[in-house]
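The values are calculated or read from the model by the stated rules, or taken from the named source; none is laboratory data. The model shown is predicted, which means the values in this text are computed figures rather than measured ones. Positions of Cβ are backbone-derived with ideal geometry, glycine not excepted, and every protein chain shown enters the neighbour counts.
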């Protein structure tokens, strides 16, 4: 993960995360990592501070599927690191990390599961979204790999592809949130959205 120097970074608000595939499906539509640029905002002493960071995601899904058939889309993250300090501030840990995915376009969600990774996480479906939650805490100065998320859907109408991406369009409507505990500052709530939001997988419906 690469982060952009900012006031937010100086305050220790660094929260790495990415998604990608855990099941290697036949003829994947996307097998190469996709870079995701995140715009983030943290509130420190009532003042919003902004930063940006980049993560990578590898997604796998069938290249094509018949209308009404079952489709599994898997998104698997790579390893990320939590810094032990940033510009003189000690980072204690990050916790309550949440990543949100809308139901893939032209599909109906059936279920979602989390697997793998070096930290525990769970998934839930709510309001048409899939939410991965990693409660943590994940200590500063350590590396971790979040669980992979598999989204099981039913293919929709032919002629329109099934596409997956992160949720989030603004700080008020984020696709990723977390809490960073910083020495002498306390807990800092952080909200991030993909800017721009790339397509992670594409499946043609026939």
Return only the number of the condition from (1) closer than 17 Å to residue 59 by Cα; (2) within 14 Å of the chain's Cα centre (by Cα) that residue 134 does not satisfy. (1)
Select from region 36-55 the residues that are without any contact (Cβ under 8 Å) to a residue 40 or more places away in the chain and either assigned to a strand (DSSP E or B) or surrounded by 19 or more Cβ atoms within 10 Å (Cβ to Cβ) (or both) and list them in ascending order. 47
Check whether at least one residue in region 105-119 is under 25 Å from residue 61 (Cα atoms), outside any strand (DSSP E or B) and at pLDDT 95 or above, and report yes or no. yes
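Among the residues of region 56-92, how many are part of a strand (DSSP E or B) and either under 18 Å from residue 151 (Cβ atoms) or over 18 Å from the mean Cα position of the chain (by Cα) (or both)?
Total meeting the criteria: 21.
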Does region 147-156 include one or more residues that are in contact with a strand residue (DSSP E or B) (Cβ under 9 Å, 6 or more places away or on another chain) and under 30 Å from residue 184 (Cα atoms)? no
If residue 112 meets every condition in (1) touching a residue at least 60 places away in the same chain (Cβ under 8 Å); (2) under 18 Å from the mean Cα position of the chain (by Cα) apart from one, which number is that one? (1)
